[in-house]
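**Student:** Quick one: structure below, then a few questions.
Derivation of every value follows stated rules applied to the coordinates shown; laboratory data play no part. Computed from a predicted model, the values in this text were never measured in an experiment. Please note: Cβ atoms are built from the backbone with ideal geometry, for glycine as well, and neighbour counts cover all protein chains shown.
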Amino acid sequence: MLKIGVLVSGGGSNLQAIIDGVKDGYLKDCEVAVVISNVDSAYGLERAKTNNIPAYVVRKKDFQKGDIESYDKALIDILEKHEVGLVLMAGFLTIVGTTLVKKYENRMMNIHPSLIPSFCGAGYYGLKVHEKVLEYGVKVTGATVHFVTDEPDAGPIIIQKAVYIQNDDTPEILQKRVMEEAEWIIYKEAVKLFSENRLKIEGNVVKVI
Ligand code: GRF
């Protein structure tokens, strides 16, 4: 049984996609074992409660400013308590440190709402990503699931899916379409491949075997 820990800060629609994947049998031998948020009001916490998943809030402000290591350790304590084997960052909008990244090396994924390496890195989060995509005028965007490394949005890419820009797109419309057409599909695909031991990492390249 693969126990999954999901880190959220907001709506948690990607968390929901994983929960649904477990429920409908797409993700076999998988369980969402714990949800952690850095924000009390994250709707993802409600989704956890509705599905009887233990949920925790670990606030940055409860730690000394800049003490990322202690924050990481607090997250690790909870993840270990729930015997988590795969950590999913799903809209987790706070910086984590090397301690957490090393602990779950090749066992921690993130989803980003663009085709990395475009429109990613510092400052590219939430609606901002889609605003920049529309401003630039690219015709194709999408989503990327990747392993987490020390550098934001730069770890080995697991799956990407393209979404085409339409004339009447606004950042909000595009955000919704990228979620529906790409994010909710590829995140659970990546988890499935991981759970079946089918991801082989060679340097920065992930091969599906
Ligand atoms: C998603 O667009 C995800 O790609 C990004 O943050 C957003 C989270 O949305 N990292 P949700 O909380 O899963 O609904």
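**Student:** Quick query: amide H of Met108 versus all other amide H atoms, modeled in the peptide plane; which residues come in under 5 Å with a sequence gap of 5 or more or a different chain?
**Tutor:** Amide H neighbours of Met108, under 5 Å, 5+ apart: Val87, Val148.
**Student:** So, one more: Using mean Cβ contacts within 10 Å as the protection proxy, how do 16-27, 58-69 order, highest first?
**Tutor:** So the peptides 16-27, 58-69, ranked by packing, come out 16-27, 58-69.
**Student:** Taking the Cα of Lys192, stepping 7 Å toward and past its beta carbon, and measuring to each backbone N in the stretch 29-43: which are under 19 Å?
**Tutor:** In the stretch 29-43, the label zone of Lys192 (backbone N under 19 Å from the point 7 Å along Cα→Cβ) covers 29-32.
**Student:** Give me the net charge for the shell around Pro113: Cβ to Cβ below 14 angstrom, other residues only, Lys and Arg +1, Asp and Glu -1.
**Tutor:** The answer is -2.
**Student:** Further question on the same structure: Mind giving me the FRET efficiency for Leu127 and Thr50? R0 is 22 Å, r the Cβ-Cβ distance, nearest 0.05 is fine.
**Tutor:** Efficiency at R0 = 22 Å is approximately 0.30.
**Student:** Rounded if a/c is under 1.5, else prolate if a/b is larger than b/c, else oblate: which is the chain, with a ≥ b ≥ c the root eigenvalues of its Cα gyration tensor?
**Tutor:** Rounded, since a/c falls under 1.5.
**Student:** Taking other Cβ within 10 Å of each residue's Cβ, how do Met179, Met1 sort, fewest first?
**Tutor:** Starting with the residue having the fewest Cβ neighbours, the order is Met1, Met179.
**Student:** Now for a different question. Lys65 to Lys161: extension gain in nm, 0.36 nm per residue of separation minus the Cα-Cα distance?
**Tutor:** 30.8 nm
**Student:** Which far-off residues, 5 or more places away or on another chain, put their amide H under 5 Å from the one on Val206, with H placed in the peptide plane?
**Tutor:** Ile157
**Student:** When a footprinting reagent is the concern and you count Cβ atoms within 10 Å, what order do Thr170, Thr141 take, fewest first?
**Tutor:** Thr170, Thr141
**Student:** A further question follows. Once the other residues with Cβ under 14 Å from the Cβ of Gly5 are scored (Lys, Arg +1; Asp, Glu -1), what is the net sum? Don't jump to the answer; show the numbers that get you there.
**Tutor:** Numbers: positive: Lys3, Lys81, Lys103, Arg107; negative: Glu31, Asp72, Asp77, Glu80, Glu83.
After counting each charged neighbour, the total is -1.
**Student:** What nm value, rounded to one decimal, do you get for the distance between Val57 and Asp77 when each label is placed 7 Å out toward the C-beta?
**Tutor:** According to this spin-label approximation, the distance is 1.8 nm.
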